[in-house]
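The values are calculated or read from the model by the stated rules, or taken from the named source; none is laboratory data. Keep in mind the model is a prediction, meaning the values are calculated, not measured. Cβ coordinates were reconstructed from backbone atoms using ideal geometry, including for glycine residues, and neighbour counts include every protein chain displayed. What goes into the accessible areas is simple: the full protein's heavy atoms, side chains included, and nothing from ligands, DNA or RNA. Shrake-Rupley method; radii C 1.70, N 1.55, O 1.52, S 1.80 Å.
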Amino acid sequence: MRSVSARRAVTALASALALAGTAAAPAAAAPRTVEVVNLGDSYSAAFGTGGIQQVAGLPGCLQGTGRDHVDALASHPRVEVTLDAACAGFETHEVRGLLDERPVGDALAEADVVTLTMGGNDIEWGTFIRVCSAPFEAAHGPAECDAMLAQAPTLIASAAASAAETVAAVGAVSDARVVVLGYPQLFDDRQDTPLLSAGRAAQLNDWTDELNAALAAAVEQECAVFVDVTDRFRGHGVGSADPWILFDPESEHNLHPTERGYLSGYFPGLLSQVARAR
């Protein structure tokens with residue numbers, strides 16, 4: 001039988017080992033912050049929310065001043081938007097050109113996620129809407145709209161190919177997860193409106209779907225993620241009872257998401273992709 005002294009020695013040794021093990025156990029690591037760079041066109045630049053501002057250090061780069069999905073992302077405690085360089089009116093090649101700007105290149109080198117919208121300006125979407133509008137067709141007939149719609153497949157294919165080049169260029173300077181957000185259908189096509197007949201609205205919505213599909217296929221070939229926002233915006237187009245798209249022909253913000261559109265239509269899908277990068 002062991003002596004009392006022996007038993008005490010064993011107990012003391014066990015206690016010491018337990019304490020040592022506790023002291024050596026690493027503390028739980030705090031969740032890391034995800035660094036995000038935002039690029040793209042006006043649908044990434046808060047157009048539709050009111051006001052216009054120049055982006056410091058990037059001449060010709062304009063953004064809206066209201067709250068959008070990027071601002072909501074920046075408010076997240078584990079996300080830092082290190083650079084917001086989305087520029088209204090930019091085509092895919094112009095977005096690609098921003099990578100040569102030092103602030104953009106430096107931010108991309110450290111980024112975990114890059115988010116952007118692009119392609120809509122490449123296909124001259126504003127021209128489609130103008131020549132297919134009810135007032136234009138009343139004055140000039142349907143020929144110009146029909147001609148533009150006939151060009152749509154070629155324009156969309158070119159835009160998608162250029163978008164893929166832009167994603168590849170981002171991948172060449174960054175290891176970030178690239179998230180390309182799609183475009184919403186802009187119009188409620190269930191009835192005629194002063195802007196568009198229901199038939200033309202349906203045609204334009206269909207071509208938005210075609211653009212999204214082409215962009216998705218192209219950028220996914222370059223290992224980017226494509227987020228389709230069509231379902232979230234469904235029922236909230238121009239002419240609906242609860243539009244999330246601004247319609248104000250006198251405004252530079254015309255036919256862009258409202259703050260509600262950005263926060264309810266774009267933000268949920270973007271956040272889910274950023275969360276996967278953590």
**Message:** Taking the conditions exactly as written (open to solvent by 20 Å² or more (accessible area, probe 1.4 Å) and within 30 Å of Leu99 (Cα to Cα)), does Gln191 satisfy them or not?
**Reply:** no
**Fill in**
Wholly inside region 15-130, helices (runs of 4 or more DSSP H) that include 3 or more residues that are at pLDDT 95 or above and under 30 Å from Pro243 (Cβ atoms) are 69-74, 92-97
**Fill in**
How many residues of region 145-168 are in contact with a helix residue (DSSP H, G or I) (Cβ under 7 Å, 6 or more places away or on another chain), open to solvent by 30 Å² or more (accessible area, probe 1.4 Å) and within 28 Å of Asp112 (Cα to Cα)? The answer is 2
**Complete:** Ala277 meets each of (1) within 24 Å of Val36 (Cα to Cα); (2) touching an Asp or Glu at 6+ places or on another chain (Cβ under 6 Å); (3) without any contact (Cβ under 8 Å) to a residue 40 or more places away in the chain with one exception, condition (3)
**Item:** Which listed residue, of Arg130, Arg67, is under 17 Å from the mean Cα position of the chain (by Cα), over 25 Å from Thr166 (Cβ atoms), basic (Lys, Arg) and open to solvent by 20 Å² or more (accessible area, probe 1.4 Å)
**Value:** Arg67
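Per-residue answers, yes or no, for (1) closer than 26 Å to Gly237 by Cα; (2) without any contact (Cβ under 8 Å) to a residue 12 or more places away in the chain; (3) of a type in the set (Asp, Glu); (4) open to solvent by less than 10 Å² (accessible area, probe 1.4 Å):
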{"position": "Glu94", "(1), (2), (3), (4)": "no, yes, yes, no"}
{"position": "Val113", "(1), (2), (3), (4)": "no, no, no, yes"}
{"position": "Gly119", "(1), (2), (3), (4)": "yes, no, no, yes"}
{"position": "Ala134", "(1), (2), (3), (4)": "yes, no, no, no"}
{"position": "Glu137", "(1), (2), (3), (4)": "yes, no, yes, no"}
{"position": "Leu181", "(1), (2), (3), (4)": "yes, no, no, yes"}
{"position": "Leu186", "(1), (2), (3), (4)": "yes, no, no, yes"}
**Test result for Val225, of a type in the set (Val, Ile, Thr), buried (at least 16 other Cβ atoms within 10 Å of the Cβ) and within 18 Å of Leu263 (Cα to Cα)** = no
